[in-house]
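Here the structure comes first, spelled out in C-alpha cells, and everything after it is commentary.
The values are calculated or read from the model by the stated rules, or taken from the named source; none is laboratory data. Values in this document were obtained by computation on a predicted structure and should not be read as measured data. Because the Cβ atoms are built from the backbone with ideal geometry, glycine has one as well, and the counts that use them run over all protein chains shown.
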Amino acid sequence: MIVINTEKLITKLRNIVAAGTSLALTDVFSPDLPQDGEDICCMSLLGGTSEDKLNNTNMYNIQTLRVLIRGTENDTTTRALVDEVRASLHLLSQESYTGGNIISCMTSGLPTYVGKDANQRILYNMNFRLQVE
C-alpha cells in the first residue's frame, strides 16, 4: 500500500506553479481561495484510485488535482494567467518531493469558466490527473 504525504505533494505543486508562472508562492493557496485578492489560485486533491502497477514493478496512485484560479474583471488577463498555470503543470513528469515522486501530471481538458464572484472577478477551474508513487 502506498501512503501519499499530501502535505508535501501539495507544497511541491504550489512551488512548481509559483516558479512557472507570474504568481508568487504567497498567491498559490490550498485548499481554498481567500476572500480577498486577485490573480491567485488554490489547489486541492480530490479523490483518487487504488494503486496500480507500473511496468509490473512500481506501485502508484492516481489522484485528481483541482486548481481554481481567480483573476480580475478582465477575461483576457485572467485567461493568460490560466494558461500560465496550465502550462506549469500539464505534462509535468518525474518530479520528486519529500516522501514521493510525481510520475506524471496531465490536464483532463480545457480550463472551465466557472463564473464571477461577488466582486465580479472571473473564476476558472482546471482538473489534472496525477500519477504519484
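Observations
- Taken residue by residue, the stretch 59-71 has at least one member that is modelled with pLDDT of 95 or more and small (G, A, S).
- Among the conditions (1) within 14 Å of C41 (Cβ to Cβ); (2) crowded, with 18+ Cβ neighbours inside 10 Å; (3) under 16 Å from the mean Cα position of the chain (by Cα), R66 misses just one, which is (2).
- Taking the criterion of being more than 18 Å from L13 (Cα to Cα), in contact with a Leu (Cβ under 9 Å, 6 or more places away or on another chain) and either crowded, with 16+ Cβ neighbours inside 10 Å or among the small types (G, A, S) (or both), the residues of the stretch 89-123 that qualify are G115, L123.
- Single residue of the stretch 7-38 satisfying the filter (among the basic types (K, R) and surrounded by 18 or more Cβ atoms within 10 Å (Cβ to Cβ)) that is nearest to I102 (Cα to Cα): K12
- Screening T77 against (1) in contact (Cβ under 8 Å) with a residue 40 or more places away in the chain; (2) outside any strand (DSSP E or B); (3) surrounded by fewer than 16 Cβ atoms within 10 Å (Cβ to Cβ) leaves a single unmet condition, (1).
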